[in-house]
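Here's the structure, in C-alpha cells; my notes come after.
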Ligand code: OMP
C-alpha cells in the first residue's frame, strides 16, 4: 500500500473519522462503517489530511488550474489542500460554493476564484453513489469551468444502482471523461484491517457489505 494511503487510514482511525458499527447512508444503505471527515477537527489533523490529498493528486500527474471545494465538507478540504500545494511551491486559485444563494452583498452561490475557462480539480470527502460529485460537476460547468479531475479521501467502491455494476467513481469518471482519484478505497481499508489486530474483527462485516453493494473490480 502506498505511503499516503497508509498514512490516511492511520490518521482517520486516530481521529475517529473512521468508525465501525451500523450507519444509514445518504443512499439509504445500511453500512458497517462510516467515514466522517468532520473529525479532522484541528489544524494539525487537517494539514496531515491535506498532505495525503496532495500526494494522491501528484501521483496521477493531473493538470488543473483551480481547486474547488463543494459545500459543506469539501470547503475546508479544498482550502487545506490548496494551502498544501502552496507550501509545495504551487499557489493555485481556490473556489467554493454556498448551498443557499445570497441575494445581497456580492450575491450568488460561488465564492473565491473565477472558474470560467479554467481546468478545475474538485476536492471532496467521500464517494458512495456519486450524487454529491455529480452536483459539483454541474456547478463547475455552470460557472464556465472544465472539470479536470476529482479527488476524494475515500472511494467506497459501491455500485451507483442495481443495474450498473460499475462503481459510482467509475461511472462518473467514464461519463465526465476525467479521473476520480481516491486517497484510499474500500479495498485499501480491507487490506489495512487485515494487518491491524484491532480491526481484524470488522473485516467480515466489511466483506459482506462489499458482496452486497461493492462494484466489480
Ligand atoms: P454520495 O453522494 O452517495 O456519493 O455520498 C457521498 C456523501 O455521503 C458524502 O459527501 C457524505 O455527505 C456522505 N457519507 C459520508 O460522509 N461518509 C460515508 O462513509 C458515507 C456517506 C454516505 O452517506 O454515503
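The values are calculated or read from the model by the stated rules, or taken from the named source; none is laboratory data. Predicted model only: the values in this text are computed from it and were never measured. No Cβ is skipped: glycine too gets one built from the backbone with ideal geometry, and neighbour counts run over all protein chains shown.
Of note:
- Counting only residues that are in a strand (DSSP E or B) and in contact (Cβ under 8 Å) with a residue 60 or more places away in the chain, the stretch 177-197 holds 4 of them.
- Strands (runs of 3 or more DSSP E) wholly inside the stretch 59-176 that include at least 1 residues being in contact (Cβ under 8 Å) with a residue 40 or more places away in the chain and in contact with a strand residue (DSSP E or B) (Cβ under 8 Å, 6 or more places away or on another chain): 66-69, 94-102, 119-127, 146-155, 159-161, 164-167
- Single match in 60, 14 (criterion: loosely packed, with under 13 Cβ neighbours inside 10 Å and under 16 Å from the mean Cα position of the chain (by Cα)): 60
- The listed residue being in contact (Cβ under 8 Å) with a residue 12 or more places away in the chain, touching a helix residue (DSSP H, G or I) at 6+ places or on another chain (Cβ under 7 Å), outside any helix (DSSP H, G or I) and within 14 Å of the ligand (Cβ to nearest atom), out of 31, 27: 31
- Residues in the stretch 46-60 that are farther than 12 Å from residue 84 by Cα and in contact with a helix residue (DSSP H, G or I) (Cβ under 7 Å, 6 or more places away or on another chain): 56 alone.
- Count - residues of the stretch 120-139 that are under 12 Å from residue 78 (Cβ atoms) and away from the ligand (no atom under 13 Å from the Cβ): 2
- Any hit, the stretch 36-45, residues being away from the ligand (no atom under 16 Å from the Cβ), at negative phi, over 13 Å from the mean Cα position of the chain (by Cα) and part of a loop (DSSP other than H, G, I, E, B): yes
- The stretch 119-138: number of residues that are surrounded by 20 or more Cβ atoms within 10 Å (Cβ to Cβ), under 29 Å from residue 23 (Cα atoms) and modelled with pLDDT of 95 or more: 8
- Residue 177 vs. criteria on the phi < 0 side of the Ramachandran plot and out of contact with any helix residue (DSSP H, G or I) (no Cβ under 7 Å at 6 or more places or on another chain): no
- Taken together, 195, 149, 117, 145 contain a single residue that is closer than 17 Å to residue 77 by Cβ and away from the ligand (no atom under 14 Å from the Cβ), which is 149.
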